[in-house]
1. Of everything in the stretch 35-62, what is assigned to a loop (DSSP other than H, G, I, E, B), surrounded by 11 or more Cβ atoms within 10 Å (Cβ to Cβ) and small (Gly, Ala, Ser)? Give them in sequence order.
2. Of the residues Lys32, Lys71, only one is in a helix (DSSP H, G or I), touching a helix residue (DSSP H, G or I) at 6+ places or on another chain (Cβ under 9 Å), closer than 30 Å to Gly14 by Cα and charged (D, E, K, R); which?
3. Please find, among Ile94, Ile50, Ile104, Ile72, the residue that is among the β-branched types (Val, Ile, Thr) and closer than 30 Å to Arg20 by Cβ.
4. Limited to the stretch 79-98, what total is found for residues that are of a type outside the set (Gly, Ala, Ser) and surrounded by fewer than 12 Cβ atoms within 10 Å (Cβ to Cβ)?
5. Look at the stretch 76-114 and say how many of its residues are without any contact (Cβ under 8 Å) to a residue 24 or more places away in the chain and more than 17 Å from Leu62 (Cβ to Cβ).
6. So which residues in the stretch 44-90 are of a type in the set (Lys, Arg) and more than 23 Å from Ser113 (Cα to Cα)?
Amino acid sequence: MDNGQENTGGLKRGIMIRFRVTEAERDFIFDKMRLLNTNNIAAYMRKMAIDGYAVNTDYSDLKAVAAEMQKIGININQIARRVNMTSRIYEQDIDEMKRGIDEIWRLLKSSLSRVV
C-alpha cells in the first residue's frame, strides 16, 4: 500500500521538502555524491540538511588487517594442534607467527600514516 510515506526500518517519513536548484548546482551536488560513492539523493540531502556534512569512510585498510589476523589465528590453531600432538614447538612455527604479526604492524602503520 502506497500512502505517500517512505518507510525505512520502521521509520515513516511522510513529510516532503522540495526546493529548486540551478543546473550547475545540481551537477555540483551530484559530483559531491559521487565522491561519497552514493547515488541515493534523498539520503544524501537528508544527511547534509541535518548534519551539514557527510563522511566517506574507507575500511579497506581495516579489512586487510582483519584478513591478516584471521590468517594468523588459523596458523596459531594449526601450531597449537601440532604442539598438543608432539609436545614440541618448532622455530619455523615461531618465525611464521612473527612474520604475521610484523605484517599486521606494517598494515596498521601504513593506514595510520594516511590518516594523520
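Please treat every number below as a calculation from the coordinates, not as lab data. Computed from a predicted structure; not experimentally measured. With ideal geometry, Cβ positions are generated from the backbone for all residues, glycine too; neighbour counts draw on all protein chains shown.
1. The answer is Ala54, and nothing else.
2. Lys32
3. One residue alone meets the criteria, Ile50.
4. 10
5. The qualifying residues number 24.
6. Once the filter is applied, which keeps residues that are of a type in the set (Lys, Arg) and more than 23 Å from Ser113 (Cα to Cα), the stretch 44-90 yields Arg46, Lys47, Lys71, Arg81, Arg82, Arg88.
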